[in-house]
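A.B. asks: Just passing along the structure, written as structure tokens.
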Amino acid sequence: MILALVAVGCGDDEAPGDRTTAFNKSELLDPGESGTLDTKACDVLSARAVARAGGAGEARLSARPNNSLDLTICEWHGGPVRSVKLLVDSAPRAQLRFYNLLAEQHEFHNADPARKARQIKGIGEDSTYGGAGAWWTRATRQLVAYDHDKIVKVRVNVSGFGDRQARATAVTLAKRAVRELRRHA
């Protein structure tokens, strides 16, 4: 009989009507769905668009694809373009992963001006976690953007380009890639 009283005393004191909001499971616990992107990175940007943005004019660039279930990469080379790489990541929870990448960049590299994430508005979804839809890192010459459940990365390595030119090229190509990915969605 004493055991029964002890068991009753260990219950939750909160009645179901005492909650201020309804209890809902976080959507972050849902594993998401893989394999939702059919578009390939080499189809998102043409070699001609990359050549123009990269200052190669009409130089012929070769494209090298690398595709998997939720990740598609295309890398272009030729003329002054040592490497321009587009990576499209469509794995589940892209917005959360984008924010985590940004938070880690700030946490580990904020004191280093070359590695500090510099946020850019007007490329991806600016309403995403972190305050802007994209960010640029000078040391890696990489722009990372989030848009419609995708992370888009553009890395620019062109002979003679300083940070300003590399960033402008990455912005141009990222905007074009985001628009094209939206069109294919």
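We did not get these values from a lab; they are worked out from the coordinates using the rules stated. This structure is a prediction, so every number in the text was calculated from the model and none was measured. Every residue, glycine among them, receives a Cβ derived from its backbone with ideal geometry; neighbour counts consider all protein chains shown.
A.B. asks: Mind listing which trypsin sites (Lys or Arg not before Pro) in the range 101-178 are in a DSSP loop and have 15 or fewer other Cβ atoms within 10 Å?
C.D. replies: On the way: sites: 115, 116, 118, 121, 138, 141, 150, 153, 155, 164, 167, 175, 176; in loops: 115, 116, 121, 138, 141.
Answer in residue order: 115, 121.
A.B. asks: Given 0.36 nm per residue, what is the gain on full extension from residue 107 to residue 179 after removing their alpha carbon distance, in nm?
C.D. replies: Working: separation 72, 0.36 × 72 = 25.92 nm, distance 3.06 nm.
Gain on stretching residue 107 to residue 179: 22.9 nm.
A.B. asks: Cross-link partners among lysines for residue 121, C-alpha distance below 28 Å, same-chain residues fewer than 8 apart left out?
C.D. replies: Excluding near neighbours in sequence, the set is 40, 85, 150, 153, 175.
A.B. asks: Next up: Measuring from label point to label point, each 7 Å out along Cα→Cβ, what is the residue 52 to residue 34 span in nm?
C.D. replies: Result for the modelled spin labels: 3.7 nm.
A.B. asks: Go through the range 76-140 and name the chymotrypsin sites (Phe, Trp or Tyr not before Pro) that are in a DSSP coil and have 14 or fewer other Cβ atoms within 10 Å of their Cβ.
C.D. replies: Here the chymotrypsin sites (Phe, Trp or Tyr not before Pro) that fit, given the DSSP loop and packing criteria, are 129.
A.B. asks: Rounded if a/c is under 1.5, else prolate if a/b is larger than b/c, else oblate: which is the range 106-185, with a ≥ b ≥ c the root eigenvalues of its Cα gyration tensor?
C.D. replies: oblate
A.B. asks: Something else now. Need the full-extension length gain, residue 71 to residue 20, defined as separation in residues times 0.36 nm minus the C-alpha distance. One decimal, nm.
C.D. replies: Answer, rounded to one decimal: 14.3 nm.
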